[in-house]
1. Kindly provide the set of residues from segment 296-318 that are touching a residue at least 40 places away in the same chain (Cβ under 8 Å) and assigned to a loop (DSSP other than H, G, I, E, B), ordered by number.
2. Looking at segment 75-95, is at least one residue part of a helix (DSSP H, G or I) and open to solvent by 60 Å² or more (accessible area, probe 1.4 Å)?
3. Go through segment 689-717 and give me each residue that's outside any helix (DSSP H, G or I) and modelled with pLDDT under 90.
4. When you scan segment 305-315, do you find a residue that is touching a His at 6+ places or on another chain (Cβ under 8 Å), under 22 Å from Asn335 (Cβ atoms) and not hydroxyl-bearing (Ser, Thr, Tyr), even just one?
5. If you take the residues of segment 319-334 that are open to solvent by 10 Å² or more (accessible area, probe 1.4 Å) and in contact (Cβ under 8 Å) with a residue 40 or more places away in the chain, which of them is farthest from the chain's Cα centre (by Cα)?
6. Do we have any residue at all in segment 666-681 that's over 16 Å from Phe601 (Cβ atoms), surrounded by 14 or more Cβ atoms within 10 Å (Cβ to Cβ), free of Cβ contacts under 8 Å to residues at least 60 places away in the same chain and under 58 Å from the mean Cα position of the chain (by Cα)?
7. Among the candidates Ile664, Ile654, Ile642, single out the residue that is part of a strand (DSSP E or B), in contact with a strand residue (DSSP E or B) (Cβ under 9 Å, 6 or more places away or on another chain) and closer than 23 Å to Ser698 by Cβ.
Amino acid sequence: MTSTSDSNILDAQIQKQFEQQKALFSVIKLIRQPLDLQTIFQTTATQVRQLLKADRVAVFKFDLENDWEGEFVSEDVASGWDSVIAKKVYDYCFGEQFAIHYQEGKVQAVADIYAAGLSDCHADILAQFQVRANLIIPLLQENVLWGLLCVHQCSDTRNWKESEIEFVRLIAEHFTVAIQQAEYFRKLELQAAKLAQSAQRDKVVTQIANKIRKTLDIETIFQTTTQELRELIQAERVAIFRFNPDWSGNFVVESFAEGLTPLLNVKPTISDTHLQETQGGRYVRNETFTVNDIYQADLTQSHIALLEQLEAKSFATAPIFQGEKLWGIIAAYQNSAPRIWLEDEVEIITQSGAQIGIALRQHELLLKARNQAKQQKTLTGVITRIRESLDLDTIFQTTVTEVQQMLKADRVAVFQFHPEQDWEGEFVWESLACNCDSVVSAKVYDHTFGDKFAVHYQQGRVQAVADIYAEGLSNCHQKILGQFQVRANLVVPLLKGEDLWGLLCVHQCANPRNWKQEEIEFTRQIADNLGVALQHNQTLLEAQYQTEQQKALTGIITKIRESLDLETIFKTTVSQVRQLLKVDRVGVFRFDTKTDWEGEFIYEDVANGCTSAIANKVYDHCFSEKFAPLYQQGRVNAIADIRQGEFKHCYLKILDQFQVRANIVAPLLEEGELWGLLCIHQCNAPRNWQSSEVEFISQIAEQLSIALKQDLYLKQVQTQA
């Protein structure tokens, strides 16, 4: 039979197991309820300590980022013993001796810390919490050592029973479930908070975007965005910074708190050497830049000095792109103190920059469309004037005025070449801003033009120079442009047919200018239509000229028929021909056949400033060999420039004494014999003779030959009588 003593012991064990089971179920019940982790720990620690009659039950949590340092986050402690809550603990040998074992789920049960062979440092740490015996169970979170469940006996040593160890281990397992569950709920809450923040952020960005879309005025868009953004993120200043072509820049709009110094129109152009050297730096790569404290960040001294000028102690910036081009930066500044910028705040700044970029692109496209409409209107006006008027002065003067206003250039001018003078020329029409000098009638000669530019312009090529001092132009070319105050220019050829007549020049004088493709194309189209005007004008002038030639020819024929006075016929003819052709001399040269083609001018009409050729005896010893047979056959000879042909020195010497540079020579025949020559002289410059002019002179010479024949016939009749 079982003794009463054994029966009592058994009853006590059963009762203890029942209490442990009850505590375990209590933990499970707590975990299933929507309670926070701290409540679960605290309630369970109290039950476990009372059940085990221990002096302290506590939960210790590791800070894994600080090399196994940690603190007690929950406890239940008997009266008379110190609390360990919030006590920081760092055991430098923990990672080497215990971490790996606890990671594997091993339990540590120490009956007496002074008899268990613990290291001195470990024993000292336990002693400072009055621990004499302890039971340590690891708490894992997804196989990572999250913390420890600690049962402390402070009053005396204690031999831990297997049932007690197993009970605490089961408690720890359910704690692990609670920890994982709490972590899961924490992540859900964070995710929900992020979604809520994201929704709020999207709502704010949408509000800003809607306000941007309500207007096409870019200044209003800038002002609205900076104001809304500053109020939203509670920054002390929000500003928009625009880059210049050299990557310096200026603040173009800002919103700032009361008491701050404005940056707009106060701070000069800002030059950040890093941004200039890297041509936009991180912003070109569409990266943001956030600094919580300018003195704690790895900034250069020059960058800090620049930020101090802006009174900024902290900033968050994001790029603004206009299409694919980095246009500028949107920046939020904290001036009174450093500031930790939240991820959501930086995202809102970034999204605001993106919305401004969209607005800039829309603004650019709108301006482009408006400019194209204006350009088309200007172009249509030019075409209409060409069709309605052949007055070149009206067409060109009106056109340069409209182009100058359209392109907002400092000067638009038309330059005309004098091809006979080796590409020398002058400006003949212009429209200019009030701060620029006039260039009309200014003579220009660039000795390198014929070699470097003429052939390209002849082919229709356009020259667009953003800065004459940065495009590798020759010194002489720079000097010519500099004398007309030009800093940037756009030059388009003016072609009359296939000939380079002149240049349409667009000048920017105050500063460099990057010419847009649509500006270049617009100017080219204007030049093409001005070329049409030149060609039309040339056609009209040629028609009028030919009409005048025919009229003059008819008049001479009439005089020949009405008069038999050879002297009157010749004098009248040379005068009318010179006035019609606008040449320097028209003369009649008569041969003396008795002296081997020696002769002299017997009639002439000569311009003021030119030497008279009358009665000057001329003898060309090679005339009979080279020219006489050709003239005898009625050939007309036209020379544009006597110095460009392969003429004998003796011939050039004869022409030089009469100052001749270009000429037309037609034979005068009497009864089939070479009586003389009708000579047309251009003395002041070469001249490209038109085919109609050569034909006209040929016909005049034929009529004069008829007059010679009539005069000869009259003399024969008078002799017979």
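The values are calculated or read from the model by the stated rules, or taken from the named source; none is laboratory data. Remember, it's a predicted structure, so these values are computed and weren't measured experimentally. Cβ atoms come from the backbone with ideal geometry, glycine included; neighbour counts cover every protein chain shown. What goes into the accessible areas is simple: the full protein's heavy atoms, side chains included, and nothing from ligands, DNA or RNA. Shrake-Rupley method; radii C 1.70, N 1.55, O 1.52, S 1.80 Å.
1. Answer for segment 296-318, where residues must be touching a residue at least 40 places away in the same chain (Cβ under 8 Å) and assigned to a loop (DSSP other than H, G, I, E, B): Gln296, Leu310, Glu311, Ala312.
2. Scanning segment 75-95 turns up no residue that is part of a helix (DSSP H, G or I) and open to solvent by 60 Å² or more (accessible area, probe 1.4 Å).
3. The first filter runs over segment 689-717 and keeps only residues outside any helix (DSSP H, G or I), leaving 689-690.
Matches in segment 689-717: Gln690 only.
4. Among the residues of segment 305-315, not one is touching a His at 6+ places or on another chain (Cβ under 8 Å), under 22 Å from Asn335 (Cβ atoms) and not hydroxyl-bearing (Ser, Thr, Tyr), which makes the answer no.
5. Gln334
6. Taking every residue of segment 666-681 in turn, none turns out to be over 16 Å from Phe601 (Cβ atoms), surrounded by 14 or more Cβ atoms within 10 Å (Cβ to Cβ), free of Cβ contacts under 8 Å to residues at least 60 places away in the same chain and under 58 Å from the mean Cα position of the chain (by Cα).
7. Answer to the check: Ile664.
Here is a yes/no grid of residues against (1) at pLDDT below 90; (2) among the basic types (Lys, Arg); (3) surrounded by 15 or more Cβ atoms within 10 Å (Cβ to Cβ):
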site	(1), (2), (3)
Gly472	yes, no, no
Ile480	yes, no, yes
Val492	no, no, yes
Lys496	yes, yes, yes
Leu504	no, no, yes
Asn537	yes, no, yes
